[in-house]
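Inspection log for the structure reproduced underneath, given as structure tokens.
The values are calculated or read from the model by the stated rules, or taken from the named source; none is laboratory data. A quick note: this is a predicted structure, and the numbers were derived from the prediction, not measured. Note that each Cβ is placed from the backbone with ideal geometry, even for glycine, and that neighbours are counted across all protein chains shown.
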Amino acid sequence: MAPLAPTGTPATEAPTAVIGAGPIGLAAAAHLLERGLDPVVLERGDHAGAAVSEWGHVRLFSRWSELVDPAARRLLEPTGWVAPEPDRYPTGAEWVRLYLQPLADALGDRVRYGHSVTGVARAGRDRVVDSGRESQPFTVHVTDGAGRASRLSARAVVDASGTWTRPGPLGADGYPADGEHDPAVAPHVTYRVPDTADAASADPTDAGRHGGRRTAVVGSGHSALTAVVALAALAERVPGTEVVWVLRRGAVGNAYGGGDADQLPARGALGQRAREAVVAGRVEVVTGFRTRAVERTDADHGVGGGALTFVGEDGTRIEGLDEVVGLTGFRPDLSILSEVRLRLDSRLEAPAALAPLIDPNVHSCGTVYPHGAHELAHDESDLYVVGMKSYGRAPTFLALTGYEQVRSVAAALAGDDAAASRVELTLPETGVCGGAGLFDDADATTADAGSGGCCGPASAPSGRAGLPMAATLRAAPQLVQIGAPPSDAGACGPSGC
Ligand SMILES: Cc1cc2nc3c(=O)[nH]c(=O)nc-3n(C[C@H](O)[C@H](O)[C@H](O)COP(=O)(O)OP(=O)(O)OC[C@H]3O[C@@H](n4cnc5c(N)ncnc54)[C@H](O)[C@@H]3O)c2cc1C
């Protein structure tokens, strides 16, 4: 195996460091390779898609045709790789086995497993120092599986390390709820979707943990919907299983998603299944609940049997819980980038120019306006955060978004500004006018979207520094059809519904 480029390697000869061998990091490597640039992928896990493997039981709402990057496909095809059936929906485990690991194998020893990145800096310069900064390569600090620290010199850095290890807490104010991490409570709180949906393949540990018990699911995104559906399925099989779906928003409403209007049909169907479970009485819904504390009571457990109680900000209580599934979103770990100069939005922790395009407060429908290197740029040249991590706290990242990001970033790093600026993708909408995001009010409906959501009158979100969208993107989007064509009723188009 070739050695990592030691520090002191001139910037022009140093490789581009890609952090993370997930779907987007590996796609970045494929694009960089096509551009004649030399990528080194540093992956903390022991195989490709290590984070995806941790939710391997979840079936994606995207089809294979939306999960394979074009440059990755071009790299894979000559190896004899057999492309999966384009219209099928894989599980996370299948995404890894049938695509991500073969792709990493095709990249060969450019992918280094067991290499955890602990920091990125300009060589010999902390964040404050200006002198000679731009001409210095990056130093990437790495720890290997044996705990040995080393450094790699890199001409550019593409951080595709995801957000999987930083799930949001239960507390409504963004901090852990009081008691959430107490030794008596923490073993009963998980931040992953339980593997209980399918009787034949359910994980016995998860089924045992939730079967015949009362579980609270906290959150309103697609992961929360998946958990509600999975636990409702268990409730049908195992008597005594109870599901309490706890939402901060005042009404379930849009949390069910866009249904038939969702341009990704499987994503729409997920919301419909959750709705059916609620209507059938298999799921109890508590809305308008802002969690302040999780308390544990011993001895007689009272109503519902469980020993955990949620206490809301207003003193309301949800009692008798046994288990908690917290699915309140993810956050980026920016600690490894603390010595480089990031330009981040203060709300989302996403690149400042990207944030207005994805902010769920103002930009509903789950629509993603296409974006690339320009919107992902920071104050540090040749440094990009891509993939799930680029969205910061915004909830609606799709792999397709990331594939377009890294196509553009690789072009920018290769000096092909025209290709970097070109927009090659228009992404699908959830069909949820009024927000896949953060509405707390019971009556927040499509009317809200008029104040900036994509379902309002054709006012595209403003781009970087108040520039109109068209000026930000600089090129007319070329529509790529994803999933089923939008249904005519209730679907949101790029310029409104
Ligand atoms: C349950 C679930 C279902 C989803 N379903 C869909 C779907 O149907 N369709 C869709 O388009 N998207 C879906 N997504 C969203 C998104 O496409 C995936 O999360 C995707 O895995 C994001 O890819 P990524 O490469 O950005 O990050 P990740 O997949 O998280 O990969 C990051 C990689 O970086 C590694 N890493 C992390 N930190 C370090 C470090 N310091 N040093 C070295 N390596 C590090 C990790 O081990 C990991 O391998 C889903 C997400 C989840 C959680």
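Considered as a group, the residues in segment 379-395 that are more than 9 Å from the ligand (Cβ to nearest atom) and in a loop (DSSP other than H, G, I, E, B) include one that is farthest from Ala11 (Cα to Cα), and that residue is Pro395. As a summary of the residue check, Val229 satisfies the conditions (1) touching a residue at least 60 places away in the same chain (Cβ under 8 Å); (2) crowded, with 16+ Cβ neighbours inside 10 Å except for the one numbered (1). I'd like to check something: does segment 119-130 contain any residue that is outside any loop (DSSP other than H, G, I, E, B), over 20 Å from Val385 (Cβ atoms) and either touching a Leu at 6+ places or on another chain (Cβ under 6 Å) or more than 15 Å from the ligand (Cβ to nearest atom) (or both)? Checking segment 119-130: not a single residue is outside any loop (DSSP other than H, G, I, E, B), over 20 Å from Val385 (Cβ atoms) and either touching a Leu at 6+ places or on another chain (Cβ under 6 Å) or more than 15 Å from the ligand (Cβ to nearest atom) (or both). I'd like the full set of residues that are closer than 18 Å to Arg59 by Cβ and among the hydrophobic types (A, V, I, L, M, F, W, C), limited to segment 212-242. If the condition is that a residue be closer than 18 Å to Arg59 by Cβ and among the hydrophobic types (A, V, I, L, M, F, W, C), then Val217, Ala224, Leu225, Ala227, Val228, Val229, Ala230, Leu231, Ala232, Ala233, Leu234 are the ones that fit. Restricting segment 84-114 to residues that are more than 26 Å from Val142 (Cβ to Cβ) and assigned to a loop (DSSP other than H, G, I, E, B), the residue that is farthest from the ligand (Cβ to nearest atom) is Glu85. Inspect all residues belonging to segment 141-156 and state whether any of them is charged (D, E, K, R), away from the ligand (no atom under 12 Å from the Cβ) and in contact with a helix residue (DSSP H, G or I) (Cβ under 7 Å, 6 or more places away or on another chain). No, the conditions are met nowhere in segment 141-156.
Can you find a residue that is outside any loop (DSSP other than H, G, I, E, B), modelled with pLDDT of 95 or more and in contact with a Gly (Cβ under 9 Å, 6 or more places away or on another chain) anywhere in segment 189-208? Taking every residue of segment 189-208 in turn, at least one turns out to be outside any loop (DSSP other than H, G, I, E, B), modelled with pLDDT of 95 or more and in contact with a Gly (Cβ under 9 Å, 6 or more places away or on another chain).
How about segment 121-159: which of its residues are among the hydrophobic types (A, V, I, L, M, F, W, C), out of contact with any strand residue (DSSP E or B) (no Cβ under 6 Å at 6 or more places or on another chain) and closer than 18 Å to His378 by Cα?
From segment 121-159, those among the hydrophobic types (A, V, I, L, M, F, W, C) are 121, 123, 128-129, 138, 140, 142, 146, 149, 152, 154, 156-158; that's our starting set.
Restricting the remaining residues to those that are out of contact with any strand residue (DSSP E or B) (no Cβ under 6 Å at 6 or more places or on another chain) gives 128-129, 146.
Within segment 121-159, Val128, Val129 qualify.
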